[in-house]
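A.B. asks: This is the structure I have questions about; it appears just below.
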Amino acid sequence: MKSESRKTYEKEQMDWEHKYYSQLVGYTIDSFEFEVDDVDEGYDSRFPTFTLTKKGWETLKVQVSQDEEGNGSGFLFISNKREK
């Protein structure tokens with residue numbers, strides 16, 4: 001059984017993740033490229049990078065990383081969304 005503090009932490013984390021990722025809703029992917037990190041620390045340095053636009057909003061750059069510290073490029077799982 002999870003402690004109350006663990007439940008609170010998990011809910012706060014899920015709320016943060018939802019807010020963070022949902023800011024992309026409504027944007028359109030306009031371009032894709034690989035950005036190469038010039039600092040070679042022995043990690044994968046080719047970051048998949050997307051440019052997103054939304055009329056009346058700031059243009060965003062989304063880079064796929066293995067973690068929030070940018071310790072190497074990551075991977076997106078792309079699949080068809082099945083309607084219920």
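The values are calculated or read from the model by the stated rules, or taken from the named source; none is laboratory data. If you're wondering where the values come from, they're calculated on a predicted model, not measured in any experiment. All Cβ positions, even for glycine, are placed from backbone atoms using ideal geometry, and neighbour counts span all protein chains on display.
A.B. asks: Which condition breaks for Val25 when tested against (1) at pLDDT below 85; (2) exposed (fewer than 10 other Cβ atoms within 10 Å of the Cβ)?
C.D. replies: Condition (1) is where Val25 drops out.
A.B. asks: Of everything in segment 1-53, what is within 22 Å of Phe75 (Cα to Cα), out of contact with any strand residue (DSSP E or B) (no Cβ under 6 Å at 6 or more places or on another chain) and aromatic (Phe, Trp, Tyr)? Give them in sequence order.
C.D. replies: Trp16, Tyr20, Tyr21, Tyr43
A.B. asks: Here's a check for you: in segment 55-65, which residue that is in contact with a strand residue (DSSP E or B) (Cβ under 7 Å, 6 or more places away or on another chain) and part of a loop (DSSP other than H, G, I, E, B) is nearest to Gln13 (Cα to Cα)?
C.D. replies: Val64
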